1. Could you please give the count of residues in the stretch 88-125 that are within 14 Å of ligand 2 (Cβ to nearest atom) and surrounded by 22 or more Cβ atoms within 10 Å (Cβ to Cβ)?
2. Determine, yes or no, whether Thr64 is at pLDDT below 90, surrounded by 14 or more Cβ atoms within 10 Å (Cβ to Cβ) and hydroxyl-bearing (Ser, Thr, Tyr).
3. In the stretch 402-421, how many residues are within 16 Å of ligand 2 (Cβ to nearest atom) and modelled with pLDDT under 95?
4. Return the only residue of Ala163, Ala176, Ala204 being away from ligand 1 (no atom under 16 Å from the Cβ), in contact with a Leu (Cβ under 7 Å, 6 or more places away or on another chain) and assigned to a helix (DSSP H, G or I).
5. Just a yes or no: is a residue in the stretch 511-520 within 16 Å of ligand 2 (Cβ to nearest atom) and either among the aromatic types (Phe, Trp, Tyr) or modelled with pLDDT of 95 or more (or both)?
6. So Met168 ticks every box in (1) touching a residue at least 60 places away in the same chain (Cβ under 8 Å); (2) within 27 Å of Gln406 (Cα to Cα); (3) within 16 Å of ligand 1 (Cβ to nearest atom) but one. Which box is left unticked?
7. Do we have Ala178 as exposed (fewer than 15 other Cβ atoms within 10 Å of the Cβ), more than 16 Å from ligand 2 (Cβ to nearest atom), touching a residue at least 12 places away in the same chain (Cβ under 8 Å) and farther than 30 Å from Lys421 by Cα here?
8. So which residues in the stretch 157-170 are under 15 Å from Gly484 (Cβ atoms), modelled with pLDDT of 95 or more and within 20 Å of the chain's Cα centre (by Cα), if there are any at all?
Amino acid sequence: MVESEPDVALEDTDRIEGRSALVNNTNAALALAGAVRSTLGPRGSDKMLVDENGEVIVTNDGVTVLETAKVEHPTANLLISTSSAQDRIARDGTTTSVLLTAELLRNALELSRIGVHPTLIMNGYRIAAEEAQRQLDEISRTASEDQLRATIGTTLAGKVDTALAETMTTIALDAARALADEDGGDDLERVRVKRTQMADGAAADSEVVHGLVLRKQRLDFATPASSGGGRIAIIDGGLETRELKLDAQIEIRSTGVLAGFAERKRAKLSAQVEALTALDVDLLCVRDGIADEAAPLLKAAGITAYRRFERDDLERLSVLTGARIIRDANRITAEDVGAYTSRSEEKIENTWHMRIDGNGAAMTALLRGTTPAMREEVSRAFDDALGVAFRLVREPGILPGGGGTQTHLARHLRAYSTTQKGREQLAIEGFADALEVIPRTLAENAGLDPIDEILALSAAQASNGAWIGLDAMSGEKADMAEAGINDPLFVARQALTGATEAAISVLRIDDVLWSNQGPQTPDWSNQIDDD
Ligand code: ADP
Ligand code: MG
């Protein structure tokens, strides 16, 4: 058969671009997965990263590795944003989601090689992902108190030593419980809990204070250093008269004029202080400065003042006390005033700290360590622990760790695929195979033979159920509930969703390039014969 020249050329181009796009994208994904796979699990190794300024970071965290890497490939960037989304939404499971995405693409490429069209692969992957989510709910359990702790411990495994993990778990759970009923978005646990590194103790002395501890000293030492409670106003601005200062530089011609200005300035400040006194305010916190002239006025009014706050701290202070952040003291109303329950000052390691307590849920984590490097490590561990604890307290579903969950899903999906029609079956099996990348990599990183371990794990699950996983420390196939190796349900759920969506969006690019061939699979053998 002879076709017209241009048609052949066009068709060939489409086919080749379609396939080579998938090959190229899959390679990029696999390369990126290769960069993080050795960090997975408690026996994962650390990566040493050096940035352009020669700064060195040593990390065991997949998302840190990826976000620090300079990557240009669009698919690689898609994977990085998938792992960033995983970090934002679940605070854990970032390496897992990247490994899973890359493996889904690898298997999609295999399927396309034997002639399965991307549209069918995408359908099969969607069906598999939905069924997998149903299974997650099926096998998940509600964590007991001990299991909550064990699950947070699993998150920290391989990142910090057991003693530090214990301390971080305790203080993170304490903070998480205080936030359990609060409204807010993905970042709430970061917004509400201030983190301060302190050099006055060892890591084990770290604590969460229900209240705020800020490196601050009151404006005027003649005002009281402490108080058993009272009324607070918060101003996002200063207690100054900025306009007058500007005018003054231009217009001052005689001392009389100067005196006039000083008088007017004092009058303006005194009006502001009177507005506060009228509402019985005795504690004032302002974001910017406080004019020198205001200090005696405040003192006379019985108001203790603090200045120069970071915006985030003002927000926390507002939550803690119920005070509204206002712009201008002159316009303060009764509803803007908040209540604090105590205030004190203490000199720690030569720096004054003020502590304020109230009834709102704002806290300070005092993260201690004897060296700066130790304090950094404690801070990172706390961040991980609190991120997971906060979400886990709200949604205490847990799953077997140690590859147990993924092994179960793979086994279940293989059986389930036979209930589905045609070529989608193959895609569901491809999805099942991809999930096994997790137990396989955990085994590899523990120095075990991945194929033996997958077979043994599958066999152990066949007789003892989905909660059997691989304990990477002992090499045993054990009940993960007894071993205390648990993954949070929300982490596994997001990793599945994120990886499936990322893989599908790469396949869709490929699908566009194939589009003028209709939904059938291309006939590669024909093309080779034509030549
Ligand atoms: P991620 O970035 O995906 O969270 P991690 O390096 O934190 O990667 O590894 C998480 C995986 O390690 C989870 O699958 C978890 O079940 C597993 N894991 C944690 N502790 C153990 C353990 N003692 N034995 C086996 N697997 C473990
Ligand atoms: Mg983790």
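1. The qualifying residues number 11.
2. yes
3. 0
4. Ala176
5. no
6. Condition (2) is where Met168 drops out.
7. The answer is no for Ala178.
8. Selection gives Ala165, Thr169.
The values are calculated or read from the model by the stated rules, or taken from the named source; none is laboratory data. This is a predicted model, so every value here is computed, not measured. A quick note on method: Cβ atoms are made from the backbone with ideal geometry, for glycine too, and the neighbour counts reach across all protein chains shown.
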